[in-house]
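K.L.:
Sharing a structure here in structure tokens format.
All of the numbers you see were taken from the coordinates with simple rules; none came from a lab. Remember, it's a predicted structure, so these values are computed and weren't measured experimentally. Virtual Cβ from ideal backbone geometry, glycine too; neighbours counted across all protein chains shown.
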Amino acid sequence: MKYPTRVRGLGLLAGASLLLLLGGCGVRGTAPMPEPEEIQSRLMRVLPKTVSDRAGWAKDIQVAFTELEIEPSYENLCSVLAVTEQESTFQVAPPVPGLAKIARAEIDRRAERLHIPAFLVRAALQLESPSGKTYAERLSAVRTEEQLNDLFSDFIGMVPLGRQLFGTFNPVHTGGPMQVSIDFAEEYAHRYPYEVERSIRDEVFSRRGGMFFGIAHLLDYPAHYERSLYRYADFNAGWYASRNAAFQNAVARLSGRRLALDGDLIRHGTREPGQTEQAVRSLSRKLELDDAGIRRALEQGDSLDFEETELYEKVFALADKAAGKRLPRALVPNIALESPKITRKLTTAWFAERVDERRKRCLARAGQG
């Protein structure tokens, strides 16, 4: 999911037909979908006046809402606009400071890992690319992830050393105006309403594709959240990260163990228990569940179904009783954002709160602030 680059991808629930909740409003409403013109009219009302081609943005966003059957409430529309403004300030291909340096460092790291001499890398970069410029010239000029994606696609496909360095792995993981994960988009391709001219990866770097997959990642999954803030955190950290962080909080209180409230319930790719699973296992007698049953339940942490498990229900029943009050069912995960593009100490909470501030300003433009 965005799959955010710091977390694992989460399973998709594209076909879910449950009522979705966001800030007290249904994401997939029961009322008939408004006509495209009505949705676009709402968007024109709340899109910032400084955005270029506002009608074009409104059209692409409307298509995504209509195709995904997401209720075009001002809450939902403003959530999309708030994330887009935060991620790119409505630029289809937002520039990334120092991107050329970041990319070259990635090439050098992979070459060193594969024991490829530096002089061979320099020689490969001096070869002429399909654009007529050398790969080194193009690399020094990249300003956006779209440009970098195109460069690496050419490099992998045209240069033998490129295939050795990267194979089918393109180091550009996110793109577009909502900075959505390319892995997520490729898994969601079956819902894409447009004809794919080259690849889903390339579609992510278009406005229509970037918005479609970004909106799907933000809104097209069921969650019992009472505040939009938690979806913004999930957009950054992975689906259900906020719900899972609240579960970790309850487990920590019951077990007396200190846990990272990061939304990761299991260690993916291994059967070895992580800290959260170990803490839950320490409660097995109280929960009347064995290790296998605990694992099966935790493996559902990437879906709404986790809330229906015996484990989830028993943990919160015990934790609520011990606390003498109902504990929160959602918490913003405590995660430090890690990326070569990030030069400051930022967190998922920082991201979610900034987006929420933008949502409130958007709702004010709609007269609903």
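K.L.:
Determine the calculated [θ] at 222 nm for the chain from helices alone, applying -39500 (n - 2.57) to every DSSP H run no shorter than 4 residues and normalising by the residue count; nearest 500 deg cm²/dmol.
P.N.:
Details: 18 runs with 192 residues, N = 369.
Counting only the DSSP helices, I get -15500 deg cm²/dmol.
K.L.:
In whole Hz, with x marking every Gly and Pro, tabulate ³J(HN,Hα) for the range 104-112 from phi via Karplus 6.51 cos²θ - 1.76 cosθ + 1.60, θ = phi - 60°.
P.N.:
Karplus values, whole Hz, x for Gly and Pro: 5, 5, 5, 4, 5, 4, 5, 4, 5.
K.L.:
Something else: Using only Cα atoms, what is the ratio of the radius of gyration of the range 72-218 to 2.2 N^0.38 Å?
P.N.:
1.15
K.L.:
Right, next: Order 112-125, 229-242 from most to least packed using the mean count of other Cβ atoms within 10 Å.
P.N.:
Details: 112-125: 12.8, 229-242: 28.3.
In descending order of packing, they fall as 229-242, 112-125.
K.L.:
Would you mind checking the radius of gyration and Dmax of the chain based on alpha-carbon positions, in Å?
P.N.:
Using the Cα atoms of the chain, the pair Rg, Dmax is 22.3, 70 Å.
K.L.:
Any chance you could tell me what percent of the C-alpha pair distances in the range 240-323 go past 16 Å?
P.N.:
Details: 1532 of 3486 pairs.
It works out to 44 percent of all Cα pairs.
K.L.:
Sticking with this structure for a sec: Reachable aspartates and glutamates from K49, Cα under 16 Å, same-chain residues fewer than 8 places away excluded?
P.N.:
Filter leaves E85.
K.L.:
Please name whichever of V180, V92, A141 sits farthest to the positive end of the charge dipole of the chain, dipole taken about the Cα centre and charges placed at Cβ: Lys and Arg +1, Asp and Glu -1.
P.N.:
Among V180, V92, A141, the one farthest towards the positive end of the dipole of the chain is A141.
K.L.:
Cα to Cα, under 18 Å, and not fewer than 8 places away if on the same chain: which aspartates and glutamates meet these conditions relative to K286?
P.N.:
E277, E310, E313, D320
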